[in-house]
Amino acid sequence: MTDKNTNTPTSEEENLDQVCLLNCIELCAIIFRGINPEECAALLDEGLPELATLSTESLQSLSGPLKDLQTSYPDVTDTFCAELESEYVRLFINSRDGIVAPLYESCYEPGSGRVMGESHVTMSKLLEEAGLAPTGEQASEPMDHLCIELEYLYVLLANGWGGNDEDSLKQARAFAAQKMVWVRKFNEKLADSDAIKFYIAASELLIAMLEEVTSS
């Protein structure tokens with residue numbers, strides 16, 4: 001709701017916006033990390049509908065994409081969850097005909113197409129500066145995976161809103177607008193493919209969420 005006298009968002013509305021946006025980032029990270037079959041039903045039968053309801057009360061820009069994601073799949077059964085996992089592998093991990101849309105930013109660098117490119121180096125530095133650098137075996141993995149970038153964005157926003165840190169919020173907006181611009185190419189590859197509607201809808205939600213962060 002808004003203040004009738006000022007026509008500006010109330011603190012309650014702003015809080016709903018923040019919760020909804022952070023939950024959308026988390027949802028996208030879960031989907032593009034690969035939904036665990038054991039958690040599939042709870043996420044799609046309960047978590048997603050609750051988030052879609054929340055969005056109608058706060059962020060209208062995410063309401064449509066969330067509803068599209070809801071209508072992109074049938075009743076959630078064990079069979080559907082298994083198919084979702086199989087499709088994830090085909091689209092993003094390994095396929096005889098080549099994967100549809102790599103999950104690493106480096107793969108979208110002009111003239112590159114390989115992991116561990118400049119994007120990986122840049123992301124590694126950002127994570128280290130934020131005190132989020134992985135250790136052990138994880139440190140050897142590409143750091144420009146979509147889900148790692150989403151988690152970094154989540155931390156920037158959470159720190160910004162939770163600590164009234166405008167610098168973190170500025171970093172979040174710049175990161176979404178500049179560093180994650182490659183996600184548009186990722187989205188185009190999915191939209192032009194034979195991917196099931198669920199992953200295409202999830203990618204559209206991802207784009208809407210990034211645009212919301214950029215304009216927030």
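The values are calculated or read from the model by the stated rules, or taken from the named source; none is laboratory data. This one's a predicted model, so the numbers in the text were calculated from it and none came from an experiment. Note that we place each Cβ from the backbone using ideal geometry, even for glycine, and neighbour counts take in every protein chain shown. Calculation scope for accessible area: heavy atoms of the full protein, side chains included, ligands and nucleic acids excluded. Shrake-Rupley method; radii C 1.70, N 1.55, O 1.52, S 1.80 Å.
Largest mean-square fluctuation among 74, 102, 142, in a Gaussian network model of the chain whose springs join Cα atoms under 10 Å apart, belongs to 74.
Give me the percent of Cα-Cα pairs in the chain that sit more than 27 Å apart, rounded to a whole number.
Values: 7890 of 23220 pairs.
Cα-Cα pairs of the chain separated by over 27 Å account for 34 percent.
The lysines within cross-link reach of residue 189, meaning a Cα-to-Cα straight distance under 16 Å and a gap of 8 or more places when in the same chain, are 197.
3J(HN,Hα) couplings calculated from phi for the range 121-127 with the Karplus curve 6.51 cos²θ - 1.76 cosθ + 1.60 (θ = phi - 60°) are, in sequence order, 5, 4, 5, 4, 5, 4, 5 Hz; Gly and Pro show x.
Residues in the chain average 53 Å² of solvent-accessible surface per residue, probe 1.4 Å, ligands and nucleic acids excluded.
The three principal axes of the C-alpha atoms in the range 68-122 carry coordinate ranges of 42, 27, 15 Å, sorted with the longest axis first.
Cross-link reach is defined here as a Cα-Cα straight distance under 20 Å, omitting same-chain residues fewer than 8 places apart; for residue 125 the lysines meeting it are 170, 179.
For the range 91-168, the relative contact order is 22 percent, taking Cα pairs closer than 8 Å that sit 6 or more residues apart in sequence and dividing their mean separation by the residue count. Which residue, 41, 155, 86, has the largest displacement toward the positive end of the dipole of the range 12-215 when charges sit on each Cβ (Lys, Arg +1; Asp, Glu -1)? Final value for the positive-end residue is 86.
Available extension along the chain between residue 94 and residue 56 is 10.0 nm, counting 0.36 nm per residue and deducting the alpha carbon span. Give the carbon-plus-sulfur fraction of the accessible surface of the chain in %, rounded to a whole number; probe 1.4 Å, heavy atoms of protein chains only. Exposed carbon and sulfur together represent 47 percent of the surface.
Relative contact order for the chain: what is it in percent, counting Cα pairs under 8 Å that are at least 6 residues apart? Intermediate values should be presented prior to the final figure.
Working: 224 pairs, mean separation 53.3, N = 216.
With pairs under 8 Å counted, the relative contact order is 25 percent.
For the range 155-196, what is the per residue volume of the convex hull drawn over the alpha-carbon atoms, in cubic angstrom? Numbers along the way, then the final one.
Numbers: hull volume 2.9 nm³, N = 42.
Normalising the Cα hull of the range 155-196 by residue number yields 68 Å³.
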